[in-house]
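Pasting a structure below so you can have a look.
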Amino acid sequence: AQTVTQSQPEMSVQEAETVTLSCTYDTSESDYYLFWYKQPPSRQMILVIRQEAYKQQNATENRFSVNFQKAAKSFSLKISDSQLGDAAMYFCAYRSFFGNEKLTFGTGTRLTIIP
Amino acid sequence: EAGVAQSPRYKIIEKRQSVAFWCNPISGHATLYWYQQILGQGPKLLIQFQNNGVVDDSQLPKDRFSAERLKGVDSTLKIQPAKLEDSAVYLCASSSLAGHSYNEQFFGPGTRLTVL
């Protein structure tokens, strides 16, 4: 079974600064997807960014980018130019490439933006 | 495009009572998921439907939880009887279809259940 670990329960960053959230995972599969989801206080989970394991290039979406290290099974999220609206819980998630599409989530990191 | 709708948003019940949650997925989405999110934890899949058939219910406590998806559209998750440890947010998600290609899961706002 796959597991996802987020070792930072809480993080804070000054507005306009850069912050990196950590995620490690364990799997025996070679093909899979990794995701970062954002969950604001209203509770609606929103996809921030995804990475296909077969792609060597790190995914980027505007101010959000990932550092995917397949051999180390590490998948960190970098948020540049942090904004007040980035404050939320951030979940790292894993999905197998084949078969069941269920997501396996980490325990989350609560990100606080300091004005 | 309307998102995933869930109701109620909040529910407070006493232990041993019954409760039901409703989910209306995005129109045309064949796959529907129910996740349980206990405070301080990430969401955990309870059950996955494709159309009106069950794909995965391996983590559903079947002695007290049940779910159905009539006509492959709306879904209802029921707990009977509820226990204190069922206090959680119940998230519904949907995606366009299951298969080998990537299909994004879209989440609803969730139902926060408190069992006293």
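Does segment B:97-111 contain at least one residue that is more than 12 Å from chain A (Cβ to nearest Cβ), farther than 26 Å from A:GLN51 by Cβ and among the polar types (S, T, N, Q)?
no
Determine whether A:TYR54 is of a type in the set (Ser, Thr, Tyr) and surrounded by 12 or more Cβ atoms within 10 Å (Cβ to Cβ).
No: the conditions fail for A:TYR54.
Sticking with this one: Let me confirm something: among B:ILE38, B:ILE47, which residue is within 13 Å of another protein chain (Cβ to nearest Cβ) and in contact with an Asp or Glu (Cβ under 6 Å, 6 or more places away or on another chain)? Write out each step before concluding.
On the way: B:ILE38 fails: in contact with an Asp or Glu (Cβ under 6 Å, 6 or more places away or on another chain).
When all the criteria are applied, what remains is B:ILE47.
Could you check, for segment B:61-71, whether at least one of its residues is within 14 Å of chain A (Cβ to nearest Cβ), open to solvent by less than 80 Å² (accessible area, probe 1.4 Å) and touching a residue at least 24 places away in the same chain (Cβ under 8 Å)?
For segment B:61-71, residues within 14 Å of chain A (Cβ to nearest Cβ), open to solvent by less than 80 Å² (accessible area, probe 1.4 Å) and touching a residue at least 24 places away in the same chain (Cβ under 8 Å): absent.
Looking at segment A:85-115, which of the residues that are open to solvent by 40 Å² or more (accessible area, probe 1.4 Å), within 7 Å of chain B (Cβ to nearest Cβ) and in contact (Cβ under 8 Å) with a residue 60 or more places away in the chain is nearest to B:LEU32 (Cα to Cα)?
Ranking the qualifying residues of segment A:85-115, first place goes to A:PHE98.
Moving to a separate point now. Considering (1) under 14 Å from the mean Cα position of the chain (by Cα); (2) touching a residue at least 24 places away in the same chain (Cβ under 8 Å); (3) within 14 Å of another protein chain (Cβ to nearest Cβ), say which one B:VAL54 fails and leave the rest.
Status for B:VAL54: all satisfied but (2).
OK, next. Quick check on segment A:1-22: of everything there that is in a strand (DSSP E or B) and among the hydrophobic types (A, V, I, L, M, F, W, C), which residue is nearest to the other protein chains (Cβ to nearest Cβ)?
My answer is A:VAL4.
Restricting attention to segment B:69-82, does a residue exist that is within 23 Å of A:ARG50 (Cα to Cα) and modelled with pLDDT of 95 or more?
Checked segment B:69-82: no residue is within 23 Å of A:ARG50 (Cα to Cα) and modelled with pLDDT of 95 or more.
Kindly provide the set of residues from segment A:23-51 that are in contact (Cβ under 8 Å) with a residue 60 or more places away in the chain and either open to solvent by 50 Å² or more (accessible area, probe 1.4 Å) or part of a loop (DSSP other than H, G, I, E, B) (or both), ordered by number. Show your work before the answer.
Step one: list which residues in segment A:23-51 are in contact (Cβ under 8 Å) with a residue 60 or more places away in the chain, which gives A:23, A:25, A:27, A:29, A:31-35, A:37, A:39.
Passing the criteria: A:CYS23, A:THR27, A:GLU29, A:ASP31.
The values are calculated or read from the model by the stated rules, or taken from the named source; none is laboratory data. Everything quoted here is computed from the prediction, not taken from an experiment. FYI the Cβ positions are ideal-geometry reconstructions off the backbone, even for glycines, and counts take in every protein chain you see. Each accessible area value is taken on the protein alone, full model and side chains, heavy atoms only, with ligands, DNA and RNA left out. Shrake-Rupley method; radii C 1.70, N 1.55, O 1.52, S 1.80 Å.
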